[in-house]
Amino acid sequence: MTTEFFTMLKQIYSAAGIPTAIADESLNILWRNSLAEPNRCPLSTDSASCLFENKVPVSGLVFHTEGETIHRFNVLKSQNADDRSVFYVIEHLGSDDIKALLASPNIKSYVTYLCARIRDSVGMIAISADEIDAATAVFGAGCGEVTDQLNTINRGLMMILREVINPEQLYYALDPCCDDVTLCVADEIARAVSDAKRALGRTVKVSYTSEKGIYTRMNRGVFETILSDMAFECCSGKLYPDELVFNCQSVRNRDPRGRDRIAVTVKSINSSGRENIPSKFEKDKKGSKLYFNYLCSVLCEKYGAEFTRSELENGCMCSIILDSVGLDRHIVMNSSKFDFHTDRFSTMTLSLAERHLEERYKLIDIDSSSLEAE
């Protein structure tokens, strides 16, 4: 390290009007100016590696999420011409609250428009795939390759729609006009379990125990989404579940006012030691995770819910505590945005899309002699 070069950098940025730090090539912070000292951002730590994906430094604008805050940094690479030593000047440009950012009218309008266009396009492709399947069915075993391609298309559509669920339901939950209805929790879980069984096939035993006669008041689409996200979380750990267990029951006097509440849990159990296959989208899941975390936050704020996720020795468990309400004369089953293909694209099926084993299109073996007779 050239002392003169490093000293020059410190002199330049000591008078900077924004929090600034200097790191070495290994991203160890060597120095920070006075504005960065009390600053509650990653610049106040000993390493800047957390700012970069895979701890590989890049120059330019860098975003870093910390809790519910997004920090913005400008990274400048400085290299000493004499000994080729490298330093990174990291400027903290500011931070934004995620809630305020997502609630921005322009961002909200764009995301909801994009989600609607995606759903419409997926619907048209799905209908066309069904028509191709029907048109080629008469050729029987000769269309095995077509059937395989149609199933590949169907899985692709499911993966696309999966990314639509959380942002769309999040903005719906934030909308003051979002309609809440009285839900029979046991009925909703039974429906989710049926979809989970279809999605996971015989490789995972899906079961549930539900206390009858308990109700909560919430938008049904939002409830479907959070329940599906809980199942996805339980299927995404290091160990692949041998069993997925859903449960709902009353929690006596959980409310500070002495009222009963409802505990809804999803738990994965692995008894075989079988490990999960890493997702091909593992590197890109931060964006989806952001919407999931924020949806949980909105549920806690709007409905007084409590969400927890805990690692178990042989799996993991997600739990949400909800308010319990009395039986309403009108238990409304408001439609989901994804009901246009209920069995095919249910919220639970989409959440478990990467684990989906069922093939929609089957190869129909038609007796060729019967065709010739015709």
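The values are calculated or read from the model by the stated rules, or taken from the named source; none is laboratory data. All values derive from a computational prediction rather than experimental measurement. So basically every Cβ, Gly included, is an ideal-geometry build from the backbone, and we count neighbours across all protein chains shown. Remember, those area values only see protein heavy atoms, side chains included, never the ligands or the DNA or RNA. Shrake-Rupley method; radii C 1.70, N 1.55, O 1.52, S 1.80 Å.
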Margin query: Return the residues of the range 115-130 that are among the hydrophobic types (A, V, I, L, M, F, W, C) and farther than 21 Å from Lys362 by Cα; say none if nothing qualifies.
Written below: Cys115, Ala116, Ile118
Item checked: Thr112 vs. criteria part of a helix (DSSP H, G or I) and without any contact (Cβ under 8 Å) to a residue 40 or more places away in the chain -> no
Check: in contact with a Cys (Cβ under 8 Å, 6 or more places away or on another chain) and modelled with pLDDT of 85 or more, is that true of Pro19?
Finding: yes
Notebook entry, point to check: Can Val146 be described as in contact with an Asp or Glu (Cβ under 9 Å, 6 or more places away or on another chain) and free of Cβ contacts under 8 Å to residues at least 24 places away in the same chain?
Noted result: yes
Check: So, of the residues in the range 57-98 that are touching a Leu at 6+ places or on another chain (Cβ under 9 Å) and not in a strand (DSSP E or B), which turns out to be least open to solvent (accessible area, probe 1.4 Å)?
Finding: Ile98
Notebook entry, point to check: Within the range 70-98, how many residues are over 30 Å from Phe6 (Cβ atoms) and out of contact with any helix residue (DSSP H, G or I) (no Cβ under 7 Å at 6 or more places or on another chain)?
Noted result: 2
Margin query: For the range 174-245, give me every one of the strands (runs of 3 or more DSSP E) that falls completely inside it and has 2 or more residues that are open to solvent by 10 Å² or more (accessible area, probe 1.4 Å) and among the hydroxyl-bearing types (Ser, Thr, Tyr).
Written below: 205-210
Next item on the list: Assess whether Glu163 counts as being surrounded by 14 or more Cβ atoms within 10 Å (Cβ to Cβ), charged (D, E, K, R), out of contact with any strand residue (DSSP E or B) (no Cβ under 9 Å at 6 or more places or on another chain) and at pLDDT below 90.
Entry: yes
Item checked: For Asn54: the one exception among (1) in contact (Cβ under 8 Å) with a residue 60 or more places away in the chain; (2) under 27 Å from Asn293 (Cβ atoms); (3) open to solvent by 20 Å² or more (accessible area, probe 1.4 Å) -> (1)
Notebook entry, point to check: Here are some residues: Leu30, Leu43. Which one is open to solvent by less than 30 Å² (accessible area, probe 1.4 Å) and either in contact with an Asp or Glu (Cβ under 9 Å, 6 or more places away or on another chain) or outside any loop (DSSP other than H, G, I, E, B) (or both)?
Noted result: Leu43
Check: Right, Phe87: more than 30 Å from Leu157 (Cα to Cα) and within 28 Å of the chain's Cα centre (by Cα) or not?
Finding: no
Item checked: Leading residue by the ranking (most open to solvent (accessible area, probe 1.4 Å)) among those in the range 115-127 that are of a type outside the set (A, V, I, L, M) and without any contact (Cβ under 8 Å) to a residue 12 or more places away in the chain -> Arg117
